[in-house]
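These notes concern the structure reproduced below.
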Number of protein chains: 2
Amino acid sequence: MKGFKFAGIHAGIKKNDQKDLGLIYCEKPSVAAALFTRNKVIAAPVILGKEKIKIGVCRAVLANSGNANCFTGNQGIEDARACSKMVADCLDIEEDHVLVSSTGVIGANLPMDKFKTGVPDVVQQLSEDNVDQFADAILTTDTCRKIVNRSATIDNKKFSIMGIAKGSGMIRPDMATMLAYICTDIHISADDLNKCLSAANEKSFNRITVDGDTSTNDTLMAMASGTSEAQINDAGSKKIFQDMLDDVCFELAKMVVKDGEGATKLAQIIIKGAQTKKDAFKAAEAIAHSNLVKTAIYGEDPNWGRITAAVGRSGAHVVPEKIDLYFDDQALVLKGDWQGTEAEKKTSQIMKNSEITITLDLNLGQETDSFLFCDFSENYVKINADYRS
Amino acid sequence: MKGFKFAGIHAGIKKNDQKDLGLIYCEKPSVAAALFTRNKVIAAPVILGKEKIKIGVCRAVLANSGNANCFTGNQGIEDARACSKMVADCLDIEEDHVLVSSTGVIGANLPMDKFKTGVPDVVQQLSEDNVDQFADAILTTDTCRKIVNRSATIDNKKFSIMGIAKGSGMIRPDMATMLAYICTDIHISADDLNKCLSAANEKSFNRITVDGDTSTNDTLMAMASGTSEAQINDAGSKKIFQDMLDDVCFELAKMVVKDGEGATKLAQIIIKGAQTKKDAFKAAEAIAHSNLVKTAIYGEDPNWGRITAAVGRSGAHVVPEKIDLYFDDQALVLKGDWQGTEAEKKTSQIMKNSEITITLDLNLGQETDSFLFCDFSENYVKINADYRS
């Protein structure tokens, strides 16, 4: 990606020997936009980031895993500032143009000595080719790195978007989920970038769940270097960029859910025929968050009773006798009636797939919504019972 | 308990050889009150029960496990009516005075042939001594029967309350959770009984959670035979009865949580110092429902970061720097500050207990609330992945 350099190293913040400190560097000041967690308990780097992003410019992002720098009081803010300053000094850029992110354990102070040696090291490693290293350095319980690349043209001028994310647990759609960075070389105003990012977020990171918990550190950030000749100058070019950004965010969100802690299957719930937009959202959210639905999917059981029970408690307007329920293309319930053992056998077969689409038609109106979620296995419990020890 | 007879048998509704059909019989028509699930997808016996309870009188309750008779359409209603009629015929009482309850798998029709042979059998077994048999017959994934007995006097006249409940999964405070029956010999009006039951429910079954899913069949029912000489005739006597009813419901609710699917520990979250009642409820509910908090408790980890993150996303007004957090009597966070490794060591020790009280003081006002919940183990997943197979 033109205009950006990346690096990722092991600085000793994590107890194991995995990479834990990453850096994105924009050769020229980039137009920038960011969305942060809606949790009221927010981490120091998010408090700082909310202030810094106001100027709409960014040149570097330092991100560490292994420690969330959350619930660390004034010390946490000071530490986050000190990290920004180190990066600014090493790169000889303005401190206001450096953002920091942290992810990991809540409630412990940053090990500043590791940053003092780590920041110069990570700056040393900066290269256009080190995207993988950066993507690895921000992972926590993730089992794989998450990178999406897309290119298109506007007025015959090529531009690209690259997205890099981390996220596996504490995933719930109450904002840009966990850490995600979007790099693009397009020419765009800060205001347009912010609007496009919000719109893309609403359809992607705000429609996924792993466990219903919202992180204190969630950050979705976009940087546009303007090094491409393509630019946003009318509704048509904006649409081309928005569609590609939507696609990148959705793919990243999908990767996060697919890599959900302990997940063995990726599921999508599509609600159709809701009376209101809000009803469609409520119904989709209740099903995607139901532990009983999620364990049934893990057990490869098309347990439609649990799905209808979840929609029943969702608060959405529901008439049981009108419900249609499909697993992929196979109807299991039509107008509230179970379609028999043959249909159930076919859905049981579908449940063995690694990706499953469940469609619930309320048949009460025209509104729709959908959620991506994952199943719930013993491994989720194991991962989270042992996380700090 | 004077005035009541009980029975429980294996009628063949469950696939295994456990008891699955129970009956409570009141020798005289009892004053009755009931609360039902708030889920919009409701089971046939609940649809019927809501109608029948309006007359405030009951003589018999038939309850089966193994099949919830939910999402069974008109056939389900007809089957529930047919069961009521069988009981009425066998006991020679009015059909309007018979209530039915069902719990188990959603979406399958009742095996009516089993009821045709089972109902006469269970009537045959009725006895004052067969409370245990009834309590066993309503269990599903429960690992133990749940009975609470209390006695007191009003004007030197003794009266008693007995509560019997089932419930282990699909437990969430959106109403009287799962099946619970209260028998008392006191003299009380239907109106008073209803008010007392609602008040007791609010403080007990509406403040517990196992997995955040709401059943389609939840029923809390009270029957007062009036066979004791004690009666509710003034505020003082009403308070004595209410206190005892509160106690019985709270103990039953506690038993349900303690026997939560896969649970190894019982936890209570107490919120203090909230600005509003609603804030106190929201904060308690978010923590009690957090899978990350629940897996941490299972892992015996005093992971206060997850607790504060949950309260942060709860929607309650929270100022992180004001939060105090205690495990039993041990402070781990005071005014937002972690109290150090010594305090953490002591809380880690407390986490090894089978019952843990977590107190979170928001220090923003005077309002309080609390929830009982359980931890979240691999066994919850195992139980619910395999439930229908």
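Just so you know, all these numbers are worked out from the coordinates, no wet-lab data involved. None of the values given here were measured: they were computed from a predicted structure. Cβ coordinates were reconstructed from backbone atoms using ideal geometry, including for glycine residues, and neighbour counts include every protein chain displayed.
Which length gain, in nm to one decimal place, applies between A:ASN109 and A:GLU94 when the Cα-Cα distance is subtracted from 0.36 nm times their residue separation?
Values: separation 15, 0.36 × 15 = 5.40 nm, distance 2.51 nm.
My answer for the length gained is 2.9 nm.
I'd like the distance separating the alpha-carbon centroids of segment A:292-355 and segment B:354-389, in whole Å.
28 Å
For the rotation taking B to A, I'd like to know which residue in chain B has the C-beta closest to the axis, plus that distance in Å.
Closest to the rotation axis on chain B: B:GLU378, 2.
Would you tell me the mean number of C-beta atoms belonging to other protein chains that fall within 10 Å of each C-beta in B:289-297, as a whole number?
6
Taking every alpha carbon pair in the protein assembly as shown, what does the distance histogram look like in 10 angstrom bins from 0, in percent?
Spelled out per bin, shortest first, that is 3, 14, 22, 22, 18, 11, 6, 4, 1, 0.
Remind me, relative contact order of segment A:52-165 in percent, using alpha carbon pairs under 8 angstrom and six or more residues apart?
27 percent
Distances in nm, one decimal, shortest first, from B:ILE47 to the same residue in every other copy, taking the label point 7 angstrom along Cα→Cβ.
Between copies, matching label points for B:ILE47 lie 5.5 nm apart.
Longer than 26 Å from Cα to Cα, which of B:LYS254/B:LYS352; A:LYS294/B:LYS116; A:LYS52/A:LYS157; A:LYS146/A:LYS277 are they? Say none if no pair is.
A:LYS294/B:LYS116; A:LYS52/A:LYS157; A:LYS146/A:LYS277
Using DSSP to define loop residues, name the trypsin sites (Lys or Arg not before Pro) in segment A:308-379 whose beta-carbon has at most 13 other beta-carbon atoms within 10 Å.
Loop-located and lightly packed - A:LYS335, A:LYS352.
In peptide A:70-77, what is the residue-averaged number of other protein chain Cβ atoms found within 10 Å of each Cβ?
Rounded to a whole number, the mean comes out at 4.
For a quick check: sort B:ILE77, A:ILE13 by the number of other beta carbons within 10 angstrom, fewest at the front. Intermediate results must be reported in sequence, preceding the final value.
Values: B:ILE77 16, A:ILE13 21.
By the 10 Å Cβ count, ascending: B:ILE77, A:ILE13.
For segment A:4-258, compute the orientation-averaged projected area of the C-alpha convex hull (one quarter of its surface), in nm².
Across all orientations, segment A:4-258 yields a mean hull projection of 11.7 nm².
How many angstrom lie between the Cα centre of segment B:80-146 and the Cα centre of segment A:215-269?
Between the Cα centres of segment B:80-146 and segment A:215-269 lies a distance of 55 Å.
Answer with one residue from B:ILE93, B:VAL248, B:CYS183: the one whose Cα lies farthest towards the positive end of the charge dipole of chain B, charges on Cβ with Lys, Arg +1 and Asp, Glu -1.
B:ILE93
At 0.36 nm per residue, minus the direct Cα-Cα distance, what do A:ASP132 and A:ARG81 gain on full extension? Give it in nm, one decimal, please.
Full extension from A:ASP132 to A:ARG81 adds 15.7 nm.
Between A:LYS239 and B:ASP329, what FRET efficiency comes out of the Förster formula 1/(1 + (r/R0)^6) with R0 = 41 Å and r the beta carbon distance, rounded to 0.05? Numbers along the way, then the final one.
On the way: r = 61 Å, r/R0 = 1.48.
Rounded to the nearest 0.05, the efficiency is 0.10.
On a full-extension model of 0.36 nm per residue, what is the gain between B:HIS317 and B:ARG38, subtracting their alpha-carbon distance, rounded to one decimal in nm?
Between B:HIS317 and B:ARG38, full extension yields 97.7 nm more.
Using the beta-carbon distance between A:GLU342 and B:LYS54 and R0 = 56 Å, what value does 1/(1 + (r/R0)^6) give for FRET efficiency, to the nearest 0.05?
Given R0 = 56 Å and the Cβ-Cβ separation, E is 0.85.
Determine the shielding of peptide B:310-320 by partner chains: average, over its residues, the number of Cβ atoms on other chains within 10 angstrom of each Cβ.
Average per residue, whole number: 5.
Hey, got the dipole for segment A:262-376? About the Cα centre, +1 on K and R Cβ, -1 on D and E Cβ, debye to the nearest 20?
On the way: 13 positive and 16 negative charges, 55 e Å.
The dipole of segment A:262-376 has a size of about 260 debye.
If I model a spin label as a point 7 Å beyond the Cα along the Cα-Cβ vector, how far apart are those points for B:GLU229 and A:ILE270 in nm?
7.2 nm
With the cut-off at 23 Å, tell me which of the pairs A:LYS265/A:LYS335; B:LYS5/B:LYS158; B:LYS50/B:LYS85; A:LYS15/B:LYS345; B:LYS5/B:LYS239; A:LYS5/A:LYS158 have Cα atoms farther apart than that.
Table pairs above 23 Å Cα-Cα are A:LYS265/A:LYS335; B:LYS5/B:LYS239.
Counting each pair of different Cα atoms once, what's the Kirkwood radius of segment B:54-203 in Å, rounded to one decimal?
That comes to 17.0 Å for segment B:54-203.
To the nearest 20 debye, what charge dipole does chain B have about its Cα centre, counting +1 at the Cβ of each Lys and Arg and -1 at the Cβ of each Asp and Glu?
The dipole of chain B has a size of about 420 debye.
Relative contact order for segment A:266-385: what is it in percent, counting Cα pairs under 8 Å that are at least 6 residues apart?
Relative contact order comes out at 46 percent.
For the pair A:LYS158 and B:LYS352, what calculated FRET efficiency results from E = 1/(1 + (r/R0)^6), where r is the Cβ-Cβ distance and R0 = 45 Å, to the nearest 0.05?
FRET efficiency, B:LYS352 to A:LYS158: 0.15.
For chain B, set up a GNM with springs between Cα atoms under 10 Å and report which of B:ASP234, B:ASP243, B:ASP89 has the largest fluctuation.
Comparing B:ASP234, B:ASP243, B:ASP89 in a Gaussian network model of chain B, the most mobile one is B:ASP234.
Take every Cα pair under 8 Å in segment B:4-258 that's 6+ residues apart, average their separations, divide by the length, and report that relative contact order as a whole percent.
In percent, rounded to a whole number, it is 25.
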